[in-house]
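Chemist: One structure is given below, represented as structure tokens, and several questions about it will come after.
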Amino acid sequence: MKRIAIPALLGALAVAQFYSPAWAAERTVTLSVPGMYCALCPATLKVALNRVNGVIKTEASYDAKEAVVTFDDAKTNIEALKKATSDAGYPSTVKK
């Protein structure tokens with residue numbers, strides 16, 4: 001019985017590790033959004049970014065003309081975030 005249980009357990013652990021969210025990482029990026037022109041723009045931008053699957057948190061600032069986005073990099077990427085801002089009418093670039 002031990003000979004069967006150990007390989008089965010090792011196989012199950014290998015599969016669990018492959019599908020584990022441990023490979024995913026929470027990342028934060030700051031996007032420069034120079035096209036924000038009024039106090040309502042950040043709210044529109046936040047809605048657009050929060051619709052992207054994998055976005056965890058979004059902060060947008062009219063004064064700084066930027067958005068800070070925390071996301072799960074297993075579910076989305078920076079290009080998808082930039083596309084969401086562009087689709088909402090606010091093209092963005094990664095702020096360094």
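The values are calculated or read from the model by the stated rules, or taken from the named source; none is laboratory data. Note that the structure is predicted; figures quoted are calculated from it, not measured. Because the Cβ atoms are built from the backbone with ideal geometry, glycine has one as well, and the counts that use them run over all protein chains shown.
Chemist: Return the total of residues in the stretch 62-87 being more than 13 Å from the chain's Cα centre (by Cα) and exposed (fewer than 15 other Cβ atoms within 10 Å of the Cβ).
Modeler: Residues meeting the conditions: 3.
Chemist: Now, a different point. Can you find a residue that is modelled with pLDDT of 95 or more and surrounded by 10 or more Cβ atoms within 10 Å (Cβ to Cβ) anywhere in the stretch 16-26? I'd like the intermediate steps shown before the answer.
Modeler: Let us first name the residues in the stretch 16-26 that are modelled with pLDDT of 95 or more, namely 26.
Narrowing further to those that are surrounded by 10 or more Cβ atoms within 10 Å (Cβ to Cβ): 26.
So far as the stretch 16-26 goes, yes, one or more of its residues are modelled with pLDDT of 95 or more and surrounded by 10 or more Cβ atoms within 10 Å (Cβ to Cβ).
Chemist: Under 8 Å between Cβ atoms, at least 6 apart or on separate chains: pull out the pairs that start in the stretch 85-96 with a residue that is in a helix (DSSP H, G or I) and end on any residue that is surrounded by 12 or more Cβ atoms within 10 Å (Cβ to Cβ) and among the acidic types (Asp, Glu).
Modeler: Pairs that qualify, where the first residue is in a helix (DSSP H, G or I) and the partner is surrounded by 12 or more Cβ atoms within 10 Å (Cβ to Cβ) and among the acidic types (Asp, Glu): there are none.
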